[in-house]
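K.L.:
Please find one structure pasted underneath; my questions will follow.
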Amino acid sequence: MTYLAIRNFPHYYEWLTTAGTQRTGKPVLVFLHGWGGSARYWVGTAQSLQDQFDCLLYDLRGFGRSQIPQADKERTRGTAAAIKYPSENPYGLDTYATDLLELLNQLNLERVYLQAHSLGTSIAAFFLNQWGDRVERVVLTCAGVFEYDPLAFAAFYRFGSQVVKFRPRWLYGLPGMDRLVMQRFLHRPIAPSDRQAFLEDYLLAENDAALGTLVDAVSQRATEVLPQQFSGLTMPTLLISGACDRIIPAQLGRNAAALNEAIDYAIINHVGHFPMLEDQPTYLEIVRSFLLV
């Protein structure tokens, strides 16, 4: 496995191209995954687009294969102290956006295409408003803006903290656990291997990263800042919603798209929060028609 140290944090990354894991000189398409997952669920999409792009996949800090080394965990007693920076939330949207900038810089990528999902779309919005000159076109899948509701947010934090805390690894071996974890995310079935991969990533996610991103992405600050980030986009942008998405309902995607004339909006029927896995042919048709212009 290949890693880069991005601001003292090991980040897993990989290339998927027609030359295997080597760049071919085609335009670069970078993938951002969502909460609790990893770049693994983007592999099928990347493989389908590698004839036109050199695809770069990576795991966000604290998720998937981008984990704090065990020695650092023990030294800091499981806190985020090892990667804190002055006046910066180590698991805030801004931090992840800066991580992406550093990834591009270390790999000498001046200009790329960007494809993001769920939490990754919020990170992308922050990145694009600061370093939009680095991106040719962007696809945001299952993105949205929402209003602040103190009671609902407080309940969400309580529930989310319990979900993050109770993730023993033995859950991975329980029959049907992958279906149970994924049932709220999906409207149509996906391959068992994809369900198992997401379950494994969900159980592996660092506590600090899982909870920190939840708190920052679903917050009063997010309701105030994210609409500004979406309205500030200047590059061609495609926003795709799943008609049956219960995590980020399609109406929230419409709300985001309505903020900016640069955003094209598409909705895929009969899919939930993972349209790239639930209906890959339709998803790829929409993405290709936007990226390959």
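The values are calculated or read from the model by the stated rules, or taken from the named source; none is laboratory data. Only a predicted model underlies this, so the values are computations on that prediction, with no experimental measurement involved. Backbone-built Cβ (ideal geometry, glycine too); neighbour counts: all protein chains shown. Side chains included, ligands, DNA and RNA excluded: accessible areas come from the protein's heavy atoms. Shrake-Rupley method; radii C 1.70, N 1.55, O 1.52, S 1.80 Å.
K.L.:
Determine how large the accessible area of D149 is when every protein chain is in place; take a 1.4 Å probe and give Å² rounded to the nearest 10.
P.N.:
About 70 Å², rounded to the nearest 10.
K.L.:
Still on this model: What stretch of the chain, leaving out the sites themselves, is the longest with no trypsin sites (Lys or Arg not before Pro) in a DSSP loop having at most 16 other Cβ atoms within 10 Å?
P.N.:
112-183
K.L.:
Let me ask another. Kirkwood hydrodynamic radius for the stretch 134-225: how many Å is it when counted over pairs of different Cα atoms?
P.N.:
In the stretch 134-225 this quantity evaluates to 15.4 Å.
K.L.:
Any idea how far the Cα center of the stretch 5-26 sits from the one of the stretch 110-134, in Å?
P.N.:
So the separation of the two Cα centres works out to 17 Å.
K.L.:
Can you give me the C-alpha center-to-center distance between the stretch 214-239 and the stretch 249-272, rounded to a whole angstrom?
P.N.:
13 Å
K.L.:
Shifting gears a bit: The stretch 146-214: which GluC sites (Glu not before Pro) are DSSP loop and have at most 13 other beta-carbon atoms within 10 angstrom?
P.N.:
Qualifying residues, ordered by number: E147.
K.L.:
Now a separate question. To the nearest 0.05, how large is the calculated FRET efficiency for A262 and T18 if R₀ is 35 Å and r is the Cβ-Cβ distance?
P.N.:
About 0.70, to the nearest 0.05.
K.L.:
Further question: Taking chymotrypsin sites (Phe, Trp or Tyr not before Pro) as candidate sites, keep only those in a DSSP loop with at most 16 other Cβ atoms within 10 Å, then name the longest stretch of the chain containing none of them. Could you put the intermediate results ahead of the total?
P.N.:
Values: sites that count: Y148, F166.
Result, exposed sites excluded: 1-147.
K.L.:
Rounded to the nearest 20 debye, what is the charge dipole size of the chain about its Cα centre when +1 sits on each Lys and Arg Cβ and -1 on each Asp and Glu Cβ?
P.N.:
660 debye
K.L.:
When the chain is treated as a GNM, springs tying every alpha-carbon pair under 10 Å, which of H187, H270, H33 comes out with the largest mean-square fluctuation?
P.N.:
H270
K.L.:
Give the carbon-plus-sulfur fraction of the accessible surface of the chain in %, rounded to a whole number; probe 1.4 Å, heavy atoms of protein chains only. Present the calculation step by step, with values, prior to reporting the outcome.
P.N.:
Working: 6740 of 12810 Å².
Carbon and sulfur together cover 53 percent of it.
K.L.:
From zero outward in steps of 10 Å, how is the percent of C-alpha pairs of the chain spread across the bins?
P.N.:
6, 29, 39, 22, 3, 0
K.L.:
Using +1 at the C-beta of Lys and Arg and -1 at the C-beta of Asp and Glu, which of Y202, P227, P150 has the Cα lying farthest in the positive direction of the dipole of the chain?
P.N.:
My answer, from the dipole projection, is Y202.
K.L.:
Give me the mean projected area, in nm² to one decimal, of the convex hull enclosing the Cα positions of the stretch 182-253.
P.N.:
6.5 nm²
K.L.:
For the stretch 78-236, what size does the Cα cloud have along each of its three principal axes, sorted from largest down, in whole Å?
P.N.:
47, 35, 34
K.L.:
Then there is this: Mind giving me the nanometre distance, one decimal, between the label points for A152 and T234, set 7 Å out from Cα along Cα→Cβ?
P.N.:
Spacing of the two 7 Å Cα→Cβ label points: 3.4 nm.
K.L.:
Kindly state, to the nearest 0.05, the FRET efficiency for N108 paired with R167, given R0 = 35 Å and r defined as their beta-carbon distance.
P.N.:
Here the calculated transfer efficiency is 0.40.
K.L.:
Report, in debye and to the nearest 20, how large the dipole of the stretch 168-243 comes out about its Cα centre when Lys and Arg carry +1 and Asp and Glu carry -1 on their Cβ.
P.N.:
Approximately 320 debye in magnitude.
K.L.:
Can you run the Rg to Rh ratio on the stretch 166-293? Use alpha carbon positions and the Kirkwood inverse-distance Rh.
P.N.:
Across the stretch 166-293, the Cα-based Rg/Rh ratio is 1.01.
K.L.:
A further question on this structure: What is the calculated FRET efficiency for L292 to R254, with r their C-beta to C-beta distance and R₀ = 22 Å, to the nearest 0.05?
P.N.:
E(calc), rounded to 0.05, equals 0.30.
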